[in-house]
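Notes for the one structure printed next.
The values are calculated or read from the model by the stated rules, or taken from the named source; none is laboratory data. Everything numeric here is computed off the predicted structure, so don't read it as measured data. So basically every Cβ, Gly included, is an ideal-geometry build from the backbone, and we count neighbours across all protein chains shown. Just the protein is used for accessible areas: all its heavy atoms, side chains included, with ligands, DNA and RNA removed. Shrake-Rupley method; radii C 1.70, N 1.55, O 1.52, S 1.80 Å.
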Amino acid sequence: MTAVTPPQPHIQPPSVGAAALSSDLTVNNVEVVYHDIIQVLRGVSLTVRAGRVTSLLGTNGAGKTTTLRAISGLLKPENGKIREGTVSFEGHTLSSMVGSDIVKSGVVQVPEGRRVFKHLSVEENLRAGAILGRGNWRDDLERMYAYFPKLSTMKDKQAGYTSGGEQQMLAIGRALMAHPRVLLLDEPSLGIAPLLVQEIFENVRRINRETGLSVLVVEQNANVALRNSDYGYVMEGGRIVMEGDSAELASNPDVKEFYLGVTEHGNRKSFREVKSYKRRKRWM
Ligand SMILES: Nc1ncnc2c1ncn2[C@@H]1O[C@H](COP(=O)(O)OP(=O)(O)O)[C@@H](O)[C@H]1O
Ligand SMILES: [Mg+2]
């Protein structure tokens, strides 16, 4: 190998490594309790890499929504709080900030159950997302209609009369109107027809590619989440029990058995049971 010194450019390119590092969102050893006594998160650490789509998987009650609330500052209305650990993004310690300041720092959550303003029209819902006054809201509206063409055909329709999938698109569009750097999605596939689920995930992927938006998506539907993300975490009982590149996770036998497989007796095993069962088999 020969070391060739390239000619020095007149303008130094930005230090990509450093910039990317500072735009990662990190959750560091977070413990969350509700009502001062119910401990739900037991030391969760994860990274939402800048410009990537990261998925957080797990069955009902694993602590996925609580993790999103810990990031977005939405624990307080639920009488929950971070007892240990930190959440940080671009030099801000989100875990010591209030929700509205977290939104201003660029981290926006689309809540579970896609809470749109049912009595407002589709367009009014989108405009309500432009609360921070960043950018030109008219241009932003056109951008949302380009991402979600279905919404452009129903601008004046009352949001409450649109389908579940359309409301999910609207909730995502409304969040994007605030120009987030990190978008948190809570079970976008819940109760939505498979075709629309695929369309929603493809749109999110496209926005991620075109704008560099970082995404953390919580899902029970492991298949669709792993197909449409770069990296994934598996959560159980308030802990992260596995992580890896999405493609690797999707082909991992434990993940397959847990998410797709049912035991001979028809029971679904817990992720830990699957792992210890494998371990036992190996040693016996
Ligand atoms: N507001 C709350 N008050 C008390 N317990 C809660 C609250 N929200 C969630 N929990 C409990 O925390 C655990 C994890 O819930 P959640 O984070 O919603 O899990 P997931 O989103 O993975 O289904 C559950 O046992 C749930 O009952
Ligand atoms: Mg949830």
_If I filter the stretch 70-89 down to residues being under 24 Å from Gly191 (Cα atoms) and surrounded by 17 or more Cβ atoms within 10 Å (Cβ to Cβ), which single residue comes out as nearest to ligand 1 (Cβ to nearest atom)?_
Leu74
*So which residues in the stretch 173-195 are open to solvent by less than 40 Å² (accessible area, probe 1.4 Å), within 16 Å of ligand 1 (Cβ to nearest atom) and either without any contact (Cβ under 8 Å) to a residue 60 or more places away in the chain or assigned to a loop (DSSP other than H, G, I, E, B) (or both)?*
Glu187, Pro188, Ser189
*For the stretch 90-131, enumerate the residues that are farther than 21 Å from Val215 by Cβ, surrounded by 14 or more Cβ atoms within 10 Å (Cβ to Cβ) and in contact with a strand residue (DSSP E or B) (Cβ under 7 Å, 6 or more places away or on another chain).*
Ser121
_Cβ pairs under 6 Å, 6+ apart, first in the stretch 196-207 and of a type in the set (Phe, Trp, Tyr), second open to solvent by 10 Å² or more (accessible area, probe 1.4 Å) and at pLDDT 90 or above_ = Phe201/Asn228
*Answer with yes or no whether Arg115 is farther than 30 Å from Glu248 by Cβ, away from ligand 1 (no atom under 11 Å from the Cβ) and basic (Lys, Arg).*
yes
*Picking from Leu46, Leu74, Leu57, Leu41, which residue would you name as being more than 14 Å from Ile240 (Cβ to Cβ), aliphatic (A, V, I, L, M) and within 16 Å of ligand 2 (Cβ to nearest atom)?*
Leu74
*Could you please give the count of residues in the stretch 39-69 that are within 18 Å of Val87 (Cβ to Cβ), open to solvent by 20 Å² or more (accessible area, probe 1.4 Å) and either free of Cβ contacts under 8 Å to residues at least 60 places away in the same chain or among the hydrophobic types (A, V, I, L, M, F, W, C) (or both)?*
4
